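Working notes, beginning with the structure itself.
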Amino acid sequence: MSERRGRSDRPRPCNTRESEKIVGSRIITQQHVEFISKWIDRLEIADQLIPSYEFKLLFTGSRDGLDRDKFHEICDNKLRTVTIVKAKGSNEILGGYNPLEWKSNGSYGITKDSFIFSFNCDRINNYILSRIMNENNAIKNNFYHGPSFGENDLVIWSSSFGNYCIRSSYLKPIRQTKNKFIVEECEVFQIIHNEPIDSNN
């Protein structure tokens, strides 16, 4: 099924002002960054966050191509990444945090610190956070996939087919349906820890 668009092929943005978007992203805002940073630090949303993370854009489908080969070329061997996916034709933002390196060797990355999540574009406080349950299957490293988490919890094959979320290795499903979806945009950020500046020096 084709979709009529305007003159631009840019993904339809969520209901946020352009000034709120973080540099380089077509999907997330500074508020999303704050939520994800707190989850990395295992804080509650109401907790105060001392800014310490830089989200460095590594890969974006609209620039690099929504292609698994390109994803692995750019993102393999990179530590601490956040994947952000905009599902086409919906108000869903899906994603996951991988504290390990991405690989293409068919292995599973083992970690207790990964998580997956979803946001509603229209209401950022309407989110689902799902932490790893079976840490032996936390990260799916497969040359034939793009960024994928768990056995089936968030699996990205390509832009147009085969992408799905079926709870298996994480605590909660992040979608209300098991139906496959089309990726409108995909972004991968590397999380860089910035040491706080010592005001006494």
One residue is enough: does the range 157-167 have a residue meeting the conditions surrounded by 19 or more Cβ atoms within 10 Å (Cβ to Cβ) and of a type in the set (A, V, I, L, M)? no
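Within the range 86-124, take every residue that is of a type in the set (S, T, N, Q) and within 17 Å of LYS180 (Cβ to Cβ) and give me the one that is modelled with the highest pLDDT. Full working, then the answer.
Residues of the range 86-124 of a type in the set (S, T, N, Q): 90-91, 98, 104-105, 107, 111, 114, 118, 120.
Narrowing further to those that are within 17 Å of LYS180 (Cβ to Cβ): 90, 118.
Numbers: SER90: 94, SER118: 99.
Here the answer is SER118.
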With the checklist (1) part of a strand (DSSP E or B); (2) of a type outside the set (Asp, Glu); (3) buried (at least 23 other Cβ atoms within 10 Å of the Cβ) in hand, flag the one item GLY146 doesn't pass. (1)
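Mind telling me which of the residues GLN30, GLN48 ends up being surrounded by fewer than 10 Cβ atoms within 10 Å (Cβ to Cβ), modelled with pLDDT of 50 or more and either in contact with a strand residue (DSSP E or B) (Cβ under 9 Å, 6 or more places away or on another chain) or closer than 23 Å to HIS193 by Cβ (or both)? Step through it out loud before you land on a result.
Details: GLN30 fails: surrounded by fewer than 10 Cβ atoms within 10 Å (Cβ to Cβ).
Exactly one of GLN30, GLN48 is surrounded by fewer than 10 Cβ atoms within 10 Å (Cβ to Cβ), modelled with pLDDT of 50 or more and either in contact with a strand residue (DSSP E or B) (Cβ under 9 Å, 6 or more places away or on another chain) or closer than 23 Å to HIS193 by Cβ (or both), namely GLN48.
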Please indicate, with yes or no, whether at least one residue in the range 62-72 is surrounded by 14 or more Cβ atoms within 10 Å (Cβ to Cβ), touching a Pro at 6+ places or on another chain (Cβ under 9 Å) and small (Gly, Ala, Ser). yes
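Kindly evaluate ILE124 against the criterion of being over 20 Å from TYR170 (Cα atoms) and assigned to a loop (DSSP other than H, G, I, E, B).
Working: over 20 Å from TYR170 (Cα atoms): yes; assigned to a loop (DSSP other than H, G, I, E, B): yes.
Yes, satisfied.
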Sort out which residues of the range 82-118 are of a type in the set (Val, Ile, Thr), surrounded by fewer than 24 Cβ atoms within 10 Å (Cβ to Cβ) and touching an Asp or Glu at 6+ places or on another chain (Cβ under 9 Å), and write them in order of number. ILE110, THR111
Within the range 130-143, is there a residue that is of a type outside the set (Ser, Thr, Tyr), crowded, with 17+ Cβ neighbours inside 10 Å and in contact (Cβ under 8 Å) with a residue 60 or more places away in the chain? no
Looking at (1) out of contact with any Phe, Trp or Tyr (no Cβ under 6 Å at 6 or more places or on another chain); (2) modelled with pLDDT of 95 or more, which is the one condition that is false for TYR144? (2)
Residue check, ILE40 buried (at least 17 other Cβ atoms within 10 Å of the Cβ) and at pLDDT 95 or above: yes
Quick check on ARG167: is it modelled with pLDDT of 95 or more, of a type in the set (D, E, K, R) and either closer than 19 Å to CYS121 by Cβ or in contact with a helix residue (DSSP H, G or I) (Cβ under 7 Å, 6 or more places away or on another chain) (or both)? no
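The values are calculated or read from the model by the stated rules, or taken from the named source; none is laboratory data. Here the structure is a predicted model, which means the values were calculated and not measured. Counting neighbours? That spans all protein chains shown, and the Cβs are built from the backbone with ideal geometry, glycine included.
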